[in-house]
Amino acid sequence: MAGFLSALRRLYLSVYNWVVFLGWLQVLYLALKAIKESGHERVYDAVERPLQFAQTAAVLEILHSLVGLVRSPVSSTLPQVGSRLYVTWGILWSFPETRTHFLVSSLIISWSLTEIIRYAFFGLKEAFGASPRWLLWLRYSTFLVLYPTGIASEVGLIYIALPYIKASEKYCIRMPNKWNFSFDYYYLAILVLGIYVPGSQHMYSYMLGQRTKALSKAKKA
């Protein structure tokens with residue numbers, strides 16, 4: 001029974017990783033095609049649906065951590081997935097004024113390259129029990145550049161959205177109301193920006209630690 005459950009787990013995780021891998025591959029292809037043919041202003045329009053699918057699918061990774069399907073701790077999975085979902089839905093989808101900025105291109109390229117490598121690495125690992133060393137090196141080294149460019153793009157787009165958030169009052173709740181409660185999405189966005197500084201430092205340090213462990217283990221193997 002334990003062997004069957006283990007095989008089922010590997011099959012599920014393998015399918016999940018390869019499906020999302022294909023999603024991010026499509027995002028990268030469409031983004032580069034849009035940049036070449038129409039310029040950075042058209043990137044978001046070209047990738048909107050596959051981006052939303054690929055990024056929202058990462059919600060399952062929180063569940064995977066919670067139920068023990070993977071070893072990644074929820075403490076690192078939740079903030080990374082949550083921040084990307086916020087930018088995907090809470091900024092780009094909610095405020096169209098941000099979509100033509102060049103930071104969208106750097107965001108999409110950083111995200112998609114990172115995730116193509118990551119999902120390929122885990123897809124091969126689940127399907128065959130191991131990944132080639134060159135892919136392991138890419139998995140634990142490319143983030144040194146792609147994580148800062150991705151974070152800078154996320155922070156930049158949230159900052160750019162602030163005046164549009166304030167002017168539109170979208171998602172705001174004003175008193176009086178039956179809940180006797182008020183909420184201002186503008187201040188939430190400012191709070192998120194404030195969290196990015198310590199949060200990104202924590203995540204970068206965590207990934208550096210993971211890189212050291214993974215590459216050291218690979219050398220000994």
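No value in this document is a laboratory result; all are computed from the given coordinates. Note that the structure is predicted; figures quoted are calculated from it, not measured. Note that each Cβ is placed from the backbone with ideal geometry, even for glycine, and that neighbours are counted across all protein chains shown.
In a shell of Cβ-Cβ distance under 10 Å around F143, excluding F143 itself, what net charge do Lys and Arg (+1) and Asp and Glu (-1) give?
Local charge sum for F143: +3.
Could you give me the ³J(HN,Hα) list for the stretch 111-123, computed from phi with Karplus coefficients 6.51, -1.76, 1.60 and θ = phi - 60°, whole Hz, x at Gly and Pro?
4, 5, 4, 4, 6, 4, 5, 5, 6, 5, 4, 6, x
Rounding to the nearest 10 and keeping the result within 0 to 90°, find how far the Cα-based axis of helix 2-38 lies from the longest principal axis of the chain.
For 2-38 against the chain, the angle is about 50 degrees.
Around F21, under 11 Å between beta carbons, what's the net of Lys plus Arg minus Asp minus Glu among the other residues?
Neighbourhood net charge equals 0.
Applying the Karplus parametrisation 6.51 cos²θ - 1.76 cosθ + 1.60 with θ = phi - 60° to the phi angles of the stretch 66-77, what ³J(HN,Hα) value in whole Hz is obtained for each residue in order, glycine and proline being reported as x?
Per residue, the Karplus-derived 3J(HN,Hα) values read 4, 8, x, 5, 10, 8, 4, x, 4, 4, 9, 6 Hz.
Let me check I have the definition right: for the stretch 90-160, take the eigenvalues of the Cα gyration tensor, multiply each by 5, take square roots. What are those semi-axes in whole Å, largest first?
Gyration-tensor ellipsoid for the stretch 90-160: 30, 12, 8 Å.
Quick one: compute the contact order of the stretch 2-220, relative version, from alpha carbon pairs under 8 angstrom and 6+ residues apart, as a percent.
Across the stretch 2-220, relative contact order equals 22 percent.
Rg/Rh for the stretch 71-221 to two decimals, with Rh computed the Kirkwood way over all alpha-carbon pairs.
Ratio value, two decimals: 1.07.
Within the stretch 93-123, what residues put their amide N at less than 14 Å from the label point 7 Å along the Cα-to-Cβ vector of V145?
Correct set: 109-111, 113-114.
Expressed as a fraction of 2.2 N^0.38 Å, the rule-of-thumb size for a compact globular protein of N residues, what is the C-alpha radius of gyration of the stretch 1-63?
Cα-based Rg divided by the globular estimate yields 1.51.
Using a cut-off of 15 Å between beta-carbons, work out the net charge of the residues near P73 (Lys and Arg +1, Asp and Glu -1, P73 not included).
Within the 15 Å Cβ shell, the charges total +1.
Add -39500 (n - 2.57) for each DSSP H run of 4 or more in the chain, then divide by its residues: what number comes out at 222 nm, to the nearest 500 deg cm²/dmol?
Result for the chain, helices only: -26500 deg cm²/dmol.
Applying the Karplus parametrisation 6.51 cos²θ - 1.76 cosθ + 1.60 with θ = phi - 60° to the phi angles of the stretch 41-56, what ³J(HN,Hα) value in whole Hz is obtained for each residue in order, glycine and proline being reported as x?
5, 9, 4, 4, 4, 6, 10, 3, 5, x, 5, 4, 5, 5, 6, 5
Convex hull over the alpha-carbon atoms of the stretch 6-163: what's its volume per residue in Å³?
107 Å³
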